[in-house]
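Report on one structure; see the data block that follows.
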Amino acid sequence: MMTAPPDTPSTQRDDSRPDTLEGFAARIRRAVEAGAPLRIEGGGSKNFYGGPLRGEPLSTTAYAGVIAYAPTELVITARAGTALAQIEAVLAEKQQRLAFEPPRFSPDSTIGGVVAAGLSGPRRLQAGAVRDFVLGTRIVDGQGRILTFGGQVMKNVAGYDVSRVMAGSLGTLGLIAEVSLKVLPVPVAEATLRFACAQAEGIALANRWGGQPLPVSATAWHDGTLWVRLSGAEAAVTAARASLGGEVVDDEAGRAFWQTLRDQKHTFFTAIAGNGLPVWRLSVPSTTQPLDLPGDTWVEWGGALRWLASDASADQVRAVVLAAGGHATVYRASDDAKTRAGGAFQPLSPALAVLNRNLKREFDPRGIFGPGRLYPDF
Amino acid sequence: MTHENTVPLLHPAPDYAGADRDFSRDAAARAIVFARLRAVLPAGSVMVETEDLRPYECDGLSAYCQVPMAVALPADEAQVAAVLAICHELEVPVVARGAGTGLSGGALPHAQGLVLSLARMQRILRMDAESRTAVVQPGVRNLAISEAASSLGLYYAPDPSSQIACTIGGNVAENSGGVHCLKYGLTVHNVLKVRGVTMTGEIVEFGSAALDTPGYDLLALLIGSEGMLAVVTEVTVRLTPKPQLAQVVMASFDDVNKAGDAVAAIIAAGIIPAGLEMMDKPATLAVEPFVNAGYDLEAEAILLCESDGTPEEVAEEIGRVKAVLNRCGARAMAVSRDEGERLTFWAGRKAAFPAVGRISPDYYCMDGTIPRKRLAEMLTAIAALSKKYGLRCANVFHAGDGNLHPLIMFDANEPGELERAEAFGAEILEKSVEFGGSITGEHGVGAEKINQMCVQFNRDERDFFFAVKRAFDQRGLLNPGKAIPTLHRCAEYGRMRVSSGRMPFPDLPRF
Ligand SMILES: Cc1cc2nc3c(=O)[nH]c(=O)nc-3n(C[C@H](O)[C@H](O)[C@H](O)COP(=O)(O)OP(=O)(O)OC[C@H]3O[C@@H](n4cnc5c(N)ncnc54)[C@H](O)[C@@H]3O)c2cc1C
């Protein structure tokens with residue numbers, strides 16, 4: 001029997017950071033054989049999000065690069081490890097962008113992580129969420145199979161829309177190796193307005209404007225001030241600015257405000273790193289009145305997204321939000337606080353829990369991808 | 001299409017994965033099914049006589065016909081759940097049905113199964129101006145939602161050409177689009193929540209009135225699942241504010257290549273028009289006598305480009321669009337002067353299918369998508385195929401989305417023409433895949449494009465679709481045999497293609 005010389009590439013190579021599809025597949029098959037879970041990781045900038053991290057790291061960062069970008073097709077295809085910053089730079093050269101404005105937590109954030117986390121920024125109000133822009137993916141499933149779904153075209157209903165399900169799956173269904181995203185032109189004009197008002201009034205105003213053909217691309221309310229961003233054609237922005245009134249925010253300051261909000265750099269979000277209160281992400285119907293919960297609040301997405309820094313008990317937060325028809329995520333908090341809350345995410349209805357578990361089983365029969373990251377029981 | 005002279009080739013092979021009980025040879029078992037269903041439904045809601053079943057034997061793709069064992073017409077969600085639970089227990093295949101306008105045989109009945117018609121569930125349950133949402137039952141017609149929302153200054157954006165007839169339940173099942181999808185999105189972008197019933201009779205809420213939900217995005221999976229994962233019983237749609245003004249530019253070109261380039265140039269200029277549609281000469285010639293829209297009959301291609309928004313915004317955008325079209329060599333241009341003229345310009349595009357139906361005894365509508373930049377190449381390929389098969393073909397496109405609807409004209413009463421039409425269509429779809437696109441943009445795979453699924457997806461991927469199906473419907477009873485081909489089916493198709501002298505389906509790379 002021949003033994004492999006000690007310095008063959010296969011033993012030398014760090015197989016926690018594959019740079020080929022086959023490398024990922026081999027690593028996953030090895031994990032399946034060993035029954036040893038993996039945690040898929042891009043830049044690691046969203047490690048705080050979801051349940052505890054378990055398993056050996058499997059990094060996508062060596063599998064990087066834009067595969068195709070055709071501005072007139074409004075599509076970019078990239079490998080999972082490509083830095084979000086690089087994608088944004090490539091798009092900016094052609095006056096295009098990712099319209100869902102994913103948060104940029106760190107320069108290391110990867111496009112794979114953006115899709116896997118499924119977090120969208122302020123423009124979600126007008127443009128839609130990550131999943132709305134996913135056109136196709138190449139994934140490696142829990143059996144190490146390399147599979148391609150969707151494509152690079154705007155419309156495609158051949159087979160189930162597996163690609164969109166990968167958005168927000170937090171690496172628990174499979175490894176997103178490549179992704180095609182719809183991109184959009186940068187708006188010609190943008191302006192920011194500011195209004196002094198109480199939270200209830202801010203929510204009411206945002207909903208009223210949402211029902212009118214206005215180019216409102218983001219809203220944010222905090223501490224007695226409602227911020228409104230207008231984006232679109234020059235003429236539309238000018239007309240809306242005149243009809244809405246309010247105080248016009250200087251362009252530079254306006255841009256800085258939305259950027260800080262998008263990237264969650266406000267102390268509201270970062271205080272937890274010191275010893276601030278847990279930050280909750282509350283997703284509710286946009287018309288929901290101010291929630292009867294103690295703590296500091298930000299309201300985004302025309303009222304549909306509420307951030308809450310609060311010492312209220314998890315039971316209390318979840319009950320109030322559920323009654324409003326939404327769901328509550330322990331967003332930034334210690335693992336302890338998440339455990340006390342019964343997990344980062346709101347428990348599913350029994351019928352949905354069954355379907356979620358069934359789907360997880362079909363994608364990842366041996367349960368090797370990020371156990372506990374989404375729900376404690378799978 | 002007429003259904004005389006249909007050939008076996010066109011009928012889907014009976015390789016249903018899952019449901020395989022043969023009730024036809026077991027009158028007693030059949031009687032039990034009927035009695036159980038009647039016990040949970042109001043009188044007159046279960047039909048079993050052949051003459052009552054006939055109207056349900058096909059959908060909009062009438063070359064595929066199959067009389068079902070029975071039809072049930074539930075009046076509410078509880079009845080849907082009861083029917084499904086019974087069918088699950090007795091292993092009766094179920095095919096949900098809306099208005100039956102589908103073009104891929106998605107609602108084609110199962111010979112041993114039940115057609116579950118949602119036609120009686122057609123109430124608009126809630127219309128809310130403040131949250132810009134409507135809650136409707138599955139049998140509500142697409143256009144009825146916009147009509148009901150109109151007084152609130154709102155409308156439901158996805159507008160399939162069949163919108164006066166098709167139901168929102170069918171739209172959800174097919175992820176239907178319309179001429180305004182480029183800017184406003186498909187069904188998947190405009191539906192917030194769906195209540196549905198799985199095959200076991202379990203009621204599930206997918207999505208919510210909030211913008212996202214915890215767990216996997218099963219709503220995204222359900223939309224476009226062709227009635228194979230759950231029966232839709234209630235839909236919450238997002239309504240869009242009506243724009244103050246919409247205007248359309250109609251431009252004609254003496255070369256389809258130039259028209260194709262103009263489409264790309266508009267997008268490259270950073271414009272996302274509210275609609276961007278194209279018709280070739282055969283389509284214009286078919287349509288003009290039908291609608292008198294004033295289309296340029298000399299043109300090789302016509303582009304319709306719509307702009308909407310505030311009057312200032314529309315003026316600005318139309319100016320930019322005209323400049324681009326000029327640069328791309330448009331031979332003539334007209335801008336709609338009022339709402340009446342705008343609708344007239346669109347009328348021809350919207351009536352393209354029936355208009356072609358008037359000049360040909362039968363037509364076969366394709367639905368491939370391709371990258372926009374391959375448009376001209378595709379048209380050249382289609383022209384060559386038209387010669388090869390000796391059949392005329394008119395082309396209408398959702399050009400902005402790269403979604404083509406070649407309409408292949410044939411006469412089913414002429415021996416061999418139907419097979420030629422089908423072979424012609426199959427080649428177009430396979431070309432779409434080769435060009436980096438898809439075999440279907442909005443009409444679904446259904447019973448029709450099963451073979452082409454073997455070309456677009458490899459074995460592992462097709463297995464994976466079955467795995468997704470299993471997660472929702474363990475026994476494979478909901479719309480069995482549609483959308484996903486079995487291994488056996490693909491092997492057979494591969495042999496057929498080899499024998500006609502071509503390559504067996506290679507697993508084409510699509511990235
Ligand atoms: C002239 C014409 C023009 C068309 N134009 C367009 C167009 O522009 N864009 C476009 O996208 N399509 C178009 N179509 C296709 C068709 O209208 C759409 O696919 C439509 O969504 C089908 O709706 P339906 O109610 O008729 O569904 P059906 O044909 O009854 O069913 C279609 C599929 O949906 C399933 N289904 C129906 N109801 C339910 C339910 N409640 N729950 C679960 N599954 C269900 C069925 O099982 C079947 O698989 C056109 C068709 C015609 C005839």
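Every number in this text was worked out from the coordinates using simple rules, so none of it is lab data. None of the values given here were measured: they were computed from a predicted structure. Neighbour counts run over all protein chains shown; Cβ positions are idealised from the backbone, glycine included.
Among residues other than B:ALA286 whose Cβ falls under 13 Å from its Cβ, what is the net charge (Lys/Arg +1, Asp/Glu -1)?
+2
Which value in nm describes the separation of the simple spin-label points at A:GLN95 and A:ALA204, placed 7 Å from the Cα toward the beta carbon?
Inter-label distance under the simple model: 4.1 nm.
Which lysines, if any, have their Cα less than 30 Å from the Cα of B:LYS281, not counting same-chain residues under 8 positions apart?
A:LYS155, B:LYS183, B:LYS258, B:LYS322, B:LYS350, B:LYS373, B:LYS387, B:LYS388, B:LYS431, B:LYS449
How do B:417-428, A:226-237 rank on mean C-beta neighbours within 10 Å, highest first?
In decreasing order of mean packing, B:417-428, A:226-237 become A:226-237, B:417-428.
Residue by residue through A:167-177, how many Cβ atoms from other chains fall within 10 Å of the Cβ on average?
What the average comes to for A:167-177 is 2.
Just to check I understand the Karplus step: with θ = phi - 60° and J = 6.51 cos²θ - 1.76 cosθ + 1.60, what whole-Hz values come out for region B:218-224, glycine and proline as x?
6, 4, 5, 6, 5, 6, x
Ignoring everything except DSSP H segments at least 4 long, calculate the 222 nm mean residue ellipticity for chain A; use -39,500 (n - 2.57) per segment, divide by total residues, nearest 500.
Calculated from helices alone, the mean residue ellipticity at 222 nm is -8500 deg cm²/dmol.
Once you have a ≥ b ≥ c as the square roots of the Cα gyration tensor eigenvalues for region A:11-65, tell me rounded if a/c is under 1.5, and otherwise prolate or oblate according to whether a/b is larger than b/c.
In terms of gyration-tensor shape, oblate.
B:ASP217: net charge of surrounding residues, Cβ under 12 Å, Lys/Arg +1, Asp/Glu -1, itself excluded?
-1
Read phi for every residue in region A:229-234 and hand back ³J(HN,Hα) as whole Hz from Karplus 6.51 cos²θ - 1.76 cosθ + 1.60, θ = phi - 60°, with x for Gly and Pro.
10, 10, 9, x, 5, 3
Can you tell me the relative contact order of region B:30-119? Whole percent, Cα pairs under 8 Å, sequence separation 6 or more.
Worked out over region B:30-119, it gives 35 percent.
Take the Cα radius of gyration of chain A and divide it by 2.2 N^0.38 Å, with N its residue count; two decimals is plenty.
Expressed relative to 2.2 N^0.38 Å, the Cα Rg reads 1.04.
Step by step: find N for region B:112-154, compute 2.2 N^0.38 Å, then divide the Cα radius of gyration by it. What's the final number?
1.42
Using a simple charge model, +1 on the beta-carbon of Lys and Arg, -1 on the beta-carbon of Asp and Glu, nothing else, what dipole does region B:101-191 show about its Cα centre, in debye to the nearest 20?
Value, rounded to 20: 120 debye.
Using 0.36 nm per residue, how much length does the chain from B:LYS388 to B:ARG320 gain when fully extended, once their Cα-Cα distance is taken away?
The span from B:LYS388 to B:ARG320 would gain 20.4 nm if fully extended.
Can you give the relative contact order of chain B as a percent, counting alpha carbon pairs under 8 Å and 6+ residues apart?
16 percent
Give me the Kirkwood hydrodynamic radius of the protein assembly as shown, using the inverse of the mean 1/r over all pairs of distinct Cα atoms, in Å to one decimal.
28.2 Å
How large are Rg and Dmax for region A:234-328 when only the alpha carbon atoms are used, in Å?
For region A:234-328, the Cα-based Rg and Dmax read 16.2, 48 Å.
For region B:219-315, what mean projected area does the convex hull of the alpha carbons give, in nm²?
Here the figure is 9.8 nm², rounded to one decimal.
Remind me, relative contact order of chain A in percent, using alpha carbon pairs under 8 angstrom and six or more residues apart?
Reported relative contact order: 18 percent.
Give me the Debye-computed log₁₀ of I(q)/I(0) at q = 0.26 Å⁻¹ for region A:74-132, equal point scatterers on Cα only, no solvent, two decimals.
At q = 0.26 Å⁻¹ the computed log10 ratios are -1.23.
Assigning unit charges at the beta carbon (Lys, Arg +1; Asp, Glu -1) and nothing else, what dipole magnitude in debye, to the nearest 20, does chain B show about its Cα centre?
Charge dipole, chain B, about its Cα centre: 360 debye, nearest 20.
Per residue of B:465-472, what is the mean number of Cβ atoms on other protein chains within 10 angstrom of that residue's Cβ?
The mean count of partner-chain Cβ atoms within 10 Å per residue comes to 6.
Count the net charge of all other residues whose Cβ sits under 13 Å from the Cβ of B:LEU297, scoring Lys and Arg as +1 and Asp and Glu as -1.
Once positives and negatives cancel, what remains is -4.
Using only Cα atoms and rounding to the nearest 10 degrees, what angle (0 to 90) does helix A:251-262 make with the longest principal axis of chain A?
For A:251-262 against chain A, the angle is about 50 degrees.
Compute the semi-axes of the equivalent ellipsoid of chain B, taking the square root of 5 times each eigenvalue of the Cα gyration tensor, and list them largest first in whole Å.
37, 29, 20
Once Lys and Arg get +1 and Asp and Glu get -1 on their Cβ, which of A:CYS197, B:TRP346, B:TYR156 lies farthest toward the positive end of the dipole of the protein assembly as shown?
Comparing the listed Cα positions along the dipole, A:CYS197 ranks first.
Across peptide B:48-61, what mean number of C-beta atoms from other chains lies inside 10 Å of a residue's C-beta?
For peptide B:48-61, the averaged partner shielding equals 0.
Tell me, B:VAL40, B:VAL172, B:VAL232 in order of fewest to most beta-carbon neighbours within 10 Å?
B:VAL40, B:VAL172, B:VAL232
Around B:ASP362, which amide H atoms from residues at least 5 apart in sequence, or from another chain, sit under 5 Å from its own amide H, with H modelled in the peptide plane?
The list, which skips near neighbours in sequence, is B:PHE410, B:ALA412.
Could you line up A:TRP298, A:TRP221 from fewest to most neighbouring Cβ atoms inside 10 Å?
Fewest to most other Cβ atoms nearby, the residues stand as A:TRP298, A:TRP221.
Residue farthest toward the positive end of the dipole of chain B, with Cβ of Lys/Arg at +1 and Asp/Glu at -1: which of B:GLY436, B:SER336, B:ILE271?
B:GLY436
Tell me, how many Å apart are the Cα centres for region A:248-298 and for region B:247-320?
Here the answer is 44 Å between Cα centres.
For a quick check: sort B:ASP59, A:ASP251, B:ASP362 by the number of other beta carbons within 10 angstrom, fewest at the front.
A:ASP251, B:ASP362, B:ASP59
Treat every Asp and Glu Cβ in the protein assembly as shown as -1 and every Lys and Arg Cβ as +1, leave all other atoms uncharged, and give the resulting dipole magnitude about the Cα centre to the nearest 20 debye.
Computed charge dipole of the protein assembly as shown: roughly 1080 debye.
Once every DSSP H run of n ≥ 4 in chain B is given -39500 (n - 2.57) and the sum is divided by its residues, what mean residue ellipticity at 222 nm do you get, rounded to the nearest 500 deg cm²/dmol?
-11000 deg cm²/dmol
Among A:ALA92, A:VAL157, A:LEU125, which residue has its Cα positioned farthest towards the positive end of the charge dipole of region A:71-175, with +1 placed on the Cβ of Lys and Arg, -1 on the Cβ of Asp and Glu, and the dipole taken about the Cα centre?
Of the candidates, A:VAL157 comes out farthest on the positive side.
Would you kindly derive the ³J(HN,Hα) couplings of region A:356-367 from the backbone phi angles with the Karplus curve 6.51 cos²θ - 1.76 cosθ + 1.60 (θ = phi - 60°), listing them in order in whole Hz, with x for Gly and Pro?
My calculation for region A:356-367 gives 4, 5, 4, 5, 4, 5, 6, 6, 9, x, 9, x Hz in order.
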